[in-house]
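Comments concern the structure below.
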Amino acid sequence: MTKNILITGGAGYIGSHTVLQLLLGGFKAVVIDNLDNSSEIAIKRVTELAGDFGKNLVFHQLDLRNREALEQLFATSNFDAVIHFAGLKAVGESVEKPLLYYNNNIIGTINLLEVMAVHGCKKLVFSSSATVYGWPKEVPCTEDFPLCATNPYGRTKLFIEEICRDIYLSDSEWKVILLRYFNPVGAHPSGYIGEDPRGIPNNLMPFVQQVAVGRRPSLTVYGNDYSTKDGTGVRDYIHVVDLSDGHIAALRKLFESNIGVAQQLIFLFESNIGCEVYNLGTGKGTSVLEMVSAFEKASGKKIPLVMAGRRPGDAEVVYGSTVKAERELNWKAKYGIDEMCRDQWNWASKNPYGYGSPDSTE
Ligand code: UD1
């Protein structure tokens, strides 16, 4: 039977790519999104890219804090599982407006979990982040590393992870997979969907992309005195399509059955997943300068650089171990930084203003 999946935040960057992979994988997808930092055009394009499978996508503009609307949705649909992306994610903004982040991310999630429990939908994949490793003492980060938050945004991820562990402890019917993303970049190879941040981008690649299309004059490199190969920060960049496929692998794990034999009868029973956590990265570290140079090669554009001091709160080197995801989810990233930059440029050159127009963006 076709599984019906609810995707919160499904119009966003990672959400839209995951919805496409879900549809292509034969799932039905119901997307809810408040469109605060995303566009309904992404949903339209996903529907087109999915071809015949596009008919299996339904979209509702809905904020998770609107409890009544959420109740109504669950009362009228049956969901086999939920993938929960919805949330605010800008580190600097979270420092300035912590209550906004706690309200949006934590209250939204508690509403979702409560409504899921009432309706007996207890399978969840949650978008966590490598930010919960804080400033790791060593690399690669493995899932059992000590956790710490360095800003309110990170704290919301950490709290939600803890909430998920607690709900499983209180009720073993829950099956939860927490996915810790490293640095998602790139776009769908069609160049039809991609990342479209509002305002000035905080993250490296959206900024590089805006320099390449002429929207910003230069990239500021935050720190070239780290003890890394070229002095710049090192991260684990992962192609957004690989990351999306990681969600499909996690869902399949949630739906996994075991074969049992009792009194000469063979029967299937659901595996006891509990609340498990997996890193989604490539396991490789790439510096800022290496990433810029790969992007220059892919785009044929020169990215002017301005060297500056370290960005407060930044870690030196962060990359993850992918061993657990490979072993237990049967998932491994396929793409390297050349493909990430190729697809990022393809998206950027076809959509220099993202889903908007030159006057709708800063
Ligand atoms: C950042 C967040 C992290 C969040 C992640 C989401 C901070 C401190 N951390 O991680 O909590 O989970 O995004 O993807 O914001 N860089 C530049 N110039 C720029 C932008 C970035 O040199 O204009 C450098 C950074 O110093 C860093 C690397 O590029 O070394 C990657 O930065 P970024 O894309 O912001 O990701 P993270 O710092 O890993």
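The values are calculated or read from the model by the stated rules, or taken from the named source; none is laboratory data. Every value quoted in this text rests on a predicted model; they were computed, and no experiment measured them. Heads up, the Cβs are rebuilt from the backbone with ideal geometry, glycines too, and the neighbour counts pull from every protein chain shown. Remember, those area values only see protein heavy atoms, side chains included, never the ligands or the DNA or RNA. Shrake-Rupley method; radii C 1.70, N 1.55, O 1.52, S 1.80 Å.
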Filter the stretch 274-306 down to the residues that are open to solvent by 50 Å² or more (accessible area, probe 1.4 Å) and in contact with a Phe, Trp or Tyr (Cβ under 9 Å, 6 or more places away or on another chain), then identify the one that is farthest from the ligand (Cβ to nearest atom).
G300
Please specify each residue of the stretch 307-327 satisfying the condition of being of a type in the set (A, V, I, L, M, F, W, C) and either more than 11 Å from the ligand (Cβ to nearest atom) or in a strand (DSSP E or B) (or both).
M307, A308, V317, V323, A325
Mind checking whether some residue in the stretch 316-325 is touching a Pro at 6+ places or on another chain (Cβ under 7 Å), open to solvent by 40 Å² or more (accessible area, probe 1.4 Å) and within 18 Å of V221 (Cα to Cα)?
no
Checking the structure you have, find out if any residue of the stretch 248-255 is open to solvent by 10 Å² or more (accessible area, probe 1.4 Å) and either in contact with a Gly (Cβ under 8 Å, 6 or more places away or on another chain) or within 16 Å of the ligand (Cβ to nearest atom) (or both).
yes
Condition met for K175 (within 13 Å of the ligand (Cβ to nearest atom) and either in contact with a His (Cβ under 9 Å, 6 or more places away or on another chain) or of a type outside the set (A, V, I, L, M, F, W, C) (or both)):
no
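Matching residues to (1) under 20 Å from the mean Cα position of the chain (by Cα); (2) basic (K, R); (3) within 12 Å of the ligand (Cβ to nearest atom); (4) in a loop (DSSP other than H, G, I, E, B):
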position	(1), (2), (3), (4)
I83	yes, no, no, no
K89	yes, yes, yes, yes
V95	no, no, yes, no
L112	yes, no, no, no
V115	no, no, no, no
V125	yes, no, no, no
Mind counting the residues in the stretch 127-142 that are under 19 Å from the mean Cα position of the chain (by Cα) and within 16 Å of the ligand (Cβ to nearest atom)?
9
Checked I160, I107 against criteria (buried (at least 19 other Cβ atoms within 10 Å of the Cβ), farther than 20 Å from V234 by Cα and β-branched (V, I, T)); the one match is I160
Identify the single condition in (1) in a helix (DSSP H, G or I); (2) open to solvent by 10 Å² or more (accessible area, probe 1.4 Å) that H60 does not satisfy, given that it satisfies every other one.
(1)
